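Read-outs: derived from the displayed coordinates by stated rules, not from any lab. Please read all numbers here as calculations on a predicted model, not as lab measurements. We place every Cβ from the backbone using ideal geometry, glycine too, and count neighbours over all the protein chains shown.
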Amino acid sequence: MNKAKKLQQRAEKRAWKKAQKKAKQLEKKMLRQENKKNKMKYEEVDTGIPPSAPSPPITMDPEMIQEEAMVINEAEKIMEEEEEIEEEMNEIQEEYVDIDMDDVAGLEDDLIFEELETFVGAGVKPIPFATLLDGVRFEVLETLPHDPTCFTQGLSYNNGILYESTGLNGKSKVRRLDATTLDVIQSIDIPRQYFGEGIAYHNGNLVQITWKKRRGFVYDANDLSLLLDFPFETEKMEGWGITHDAIHNRFVVSDGSQYLHFWDDQTLEEVGERVKVWRLDGSPAKDMNELEFWRGKVLANVWYEDTILVINAVTGFVESEYDFSSLWPKHERKKEGADVLNGISISQDEDVLFVTGKFWKYMFKVRLI
């Protein structure tokens, strides 16, 4: 797409957004006018006089005559305003009806519609709908060997490198892995008083949170050198999962409660209101663990469930629930001392996800279907 075309689309996008806003304002104005009319309607009163009987003489005092004249005048004004509103709506429709919104879909993030339920972005695909009653809704593309001593708490990917955060006091690590083979490129221990939790890549850095110490760490993603540590607070005063939302320039954080938290990706300070998450059956989405941002949604593991939730972080509603109990069944992995499913990451393929679990000897590449 050449620069001129892109600028034209940008102008159309902004014009369309402005038109939408104006149309909504006019609709609200029309609703207010309708309410006014409804208030002015006379209610019919049963006088008990048959329709065929002659109407009794009506005597109106000057105040009533003046009031009726005011009502008629107000009604005429409302009709005039309605006509003006209708003309403006028609102008908007005529002016912007030829804009091809498919052309707008390829613009940069700063042109994305901020809607409640979705957004229009470059190359964004919808995530297939699934419920826990649908059975297997994923396809295993590759099975890779994974270190079974790792109590995996978080995964994050960038440019051929898979980053892993592991937990347990005295055993927590941050690891850089070759995303193709899962060979370890580098591994560092974090201080033994900290229980490592989720990790997220952003702008050349890694942000790792810890469980109960309310402390986070920022590392250089190239060599895992520690850049800074920072305090944080959540609903439960714990850290569980973290991912970066590139659409809204923020981190999304879980703490095992029903809430998602949002941190500014520059200051690491909490921004906006916490969002309650609700599952498909209407129950609170508790025990959300590892998080990953993918196709505009937040994916979440659920502690002690082999489940992945697809969450709209704006509305708080879970939009899909994937059953992963057959990926590595409990009765098989228990023999190996493996724990619950935990660990989701994007990969070099936009349609493929990495998934694994705590003490799992496998990591899988999967596609949701």
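Structure data summary
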read-out: Proximal charge balance of F230 [Cβ under 13 Å; K/R count +1, D/E count -1]; value: -3
read-out: Net charge contributed by nearby residues that have their C-beta within less than 12 Å of V310 (K/R +1, D/E -1); value: +1
read-out: V218-K335 FRET efficiency (beta carbon distance; Förster radius 41 Å; 0.05 resolution); value: 0.60
read-out: ³J(HN,Hα) computed for each position of segment 346-361 - Karplus, 6.51 cos²θ - 1.76 cosθ + 1.60, integer Hz, glycine/proline x; value: 5, 9, 5, 9, 5, 9, 10, 10, 8, 9, 7, x, 6, 6, 7, 8
read-out: Packing-based order for 246-255, 231-240, using average beta carbon neighbours within 10 Å, highest first; value: 246-255, 231-240
read-out: Label zone at L228, where the point sits 7 Å out along the Cα-to-Cβ direction: segment 186-208 residues whose backbone N lies under 14 Å; value: 205-208
read-out: For D183, net neighbour charge (Lys/Arg +1, Asp/Glu -1) across residues whose Cβ lies under 12 Å away; value: 0
read-out: Distance violations [Cα-Cα > 24 Å] among K173/K365; K297/K361; K125/K365; K276/K365; value: K297/K361; K276/K365
read-out: Placed amide H near V340: partners under 5 Å, 5+ positions off or other chain; value: K358
read-out: Among 161-170, 139-148, the order from most to least packed when residues are scored by Cβ within 10 Å on average; value: 161-170, 139-148
read-out: Virtual spin-label span in nm between T131 and R367, 7 Å along Cα→Cβ; value: 2.6 nm
read-out: Cβ-derived FRET efficiency at R0 51 Å, E80 paired with L141, nearest 0.05; value: 0.20
read-out: Gain upon complete extension [N73, N159; 0.36 nm per residue less C-alpha separation]; value: 24.0 nm
